[in-house]
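A quick write-up on the structure given underneath.
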Amino acid sequence: MSMTSSYFRLGGTFITSLLMLSTLESAVASTTPKILIVYHSKTLWTEALARVVHNGIVEADDGHIADVRIRLVSNATCSDAEWADGIIAGSPVYFGSISSELKAYFESWQDCFGWPTVKTVMGPKVGGAFCTGGQQASGRDTTMLDILTAFTSTGMTVTGGPTAFGASAFHADGSKAPNFTDEEVANAKYLGKRVFDITMALTK
């Protein structure tokens, strides 16, 4: 075999390898879970819990393929929601429900996408909820349920956490630095992992 023919055979193998690598990278990119964590927080407790939820995604993502955006609700856009395969939303408990800021963000989806197009855009996504409250019986369950209700109204698939509706934390004094119990941390991490796992399964 001549050196020239050997070169071309090697070149062909190299090109084939590059094409296979490109195909593999495209396949991985198409199945990369894109997750939006959006929250409203005034006392930093809900923001801190959002970071714990994110840690749960990181720990679950052994292959380091998840793409996560963390947005304070005032900085979140409809493009963020459209981009995501999964959305985990968090709010402080306000009179047993979600904050007006988070509710306004959910309502903006219909303004952005129109009705019923919003269901086409949001319907394939996975949703999860978390919250923080200043009393033991402050309405944390109803707050998370309101988030999940907003998600299901657009056709999204929703999941709870270790508790029925998601993950939550209690703080007696919101002016103090966030300090979660081991159980609250474990529950928030589990929620992140749960949404990641379901989103990963649905985007394969």
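The values are calculated or read from the model by the stated rules, or taken from the named source; none is laboratory data. Note that this is a predicted model, so its numbers are computed, not measured. Positions of Cβ are generated from backbone atoms using ideal geometry, with glycine treated the same way; all protein chains shown enter the neighbour counts. Please note that ligands, DNA and RNA were not included when accessible areas were found on the heavy atoms of the full protein model with its side chains. Shrake-Rupley method; radii C 1.70, N 1.55, O 1.52, S 1.80 Å.
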Summed side-chain charge close to C112 - residues other than C112 whose Cβ falls under 14 Å, Lys, Arg +1, Asp, Glu -1: -3
Protection-proxy order for peptides 86-93, 74-81, each taking the mean of Cβ atoms within 10 Å per residue, highest first: 86-93, 74-81
1.4 Å probe accessible area per residue over region 54-204, in Å²: 48 Å²
By average C-beta atoms within 10 angstrom, highest first, the peptides 109-119, 145-155: 145-155, 109-119
Average Cα contact separation per residue, region 114-193, under 8 Å, 6 or more apart, as relative contact order %: 33 percent
Solvent-accessible area, 1.4 Å probe, carbon plus sulfur percent, for region 110-204: 52 percent
Proximal aspartates and glutamates to K189, defined as alpha-carbon separation beneath 17 angstrom and excluding residues fewer than eight positions away on the same chain: E47, E59, D61, D62, D67, D197
Inter-site label distance for W115 and T152 at 7 Å from Cα along Cβ, in nm: 1.9 nm
